[in-house]
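The values are calculated or read from the model by the stated rules, or taken from the named source; none is laboratory data. All values derive from a computational prediction rather than experimental measurement. Here the Cβ positions follow ideal geometry from the backbone for every residue, glycine too, while neighbour counts run over all protein chains shown. Quick note on the areas: whole protein, heavy atoms, side chains included, nothing else; ligands and nucleic acids left out. Shrake-Rupley method; radii C 1.70, N 1.55, O 1.52, S 1.80 Å.
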Amino acid sequence: MEREPGRPTQLITKKFAKELHLNFMKYRARIIAKYINKEDANAVWFSVEELEKYIHYIKAKGERTGYNVSGVRFYFGVYPDEKKYAEKAGLMTVFLTATGKKIKTATKGGVQTFALVLENDDADIASIEPMNYGSIGRPPSLSY
């Protein structure tokens with residue numbers, strides 16, 4: 001039987017999540033919609049499978065390229081307003097990028113003997129591709 005994972009420390013209540021989303025809709029979405037003359041995306045969805053695959057990929061590629069991958073940063077973006085992006089053209093999105101520190105390792109007899117951290121901050125790792133193309137949610141059909 002698989003052991004149940006520990007409870008994350010950064011969980012919030014559904015009530016607070018709803019407040020955050022309502023604040024976004026009230027203070028940002030209205031301004032954005034007025035400025036771009038259409039309702040923008042208000043959520044982005046990725047499957048658990050794709051997120052797990054990305055996390056596994058960035059850890060493995062980070063290890064191969066000398067990085068200790070420590071996290072994932074979420075950036076906001078906007079798709080170009082071009083036909084090839086179809087329904088997403090001109091709308092907001094999020095994309096994910098791996099973060100971590102450059103390390104130098106030494107091995108002896110196939111066993112790692114030490115790992116030296118070469119950077120202080122968890123920076124974006126430019127050698128690992130970001131992830132995008134989740135499904136977008138737009139009002140009024142999607143609200144928290």
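Structure summary
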{"item": "Where chymotrypsin sites (Phe, Trp or Tyr not before Pro) fall in DSSP loop in segment 8-60, at most 14 other Cβ within 10 Å", "result": "none"}
{"item": "Proximal charge balance of F24 [Cβ under 12 Å; K/R count +1, D/E count -1]", "result": "+2"}
{"item": "Neighbourhood net charge (15 Å Cβ-Cβ; Lys/Arg +1, Asp/Glu -1) for T13", "result": "+3"}
{"item": "Solvent-accessible surface (1.4 angstrom probe) belonging to K84, in square angstrom, nearest 10", "result": "150"}
{"item": "Inverse mean reciprocal Cα-Cα distance (Kirkwood Rh) of segment 26-67, Å", "result": "13.3"}
{"item": "Prolate/oblate/rounded label for segment 2-53 (Cα gyration tensor, a/c 1.5)", "result": "oblate"}
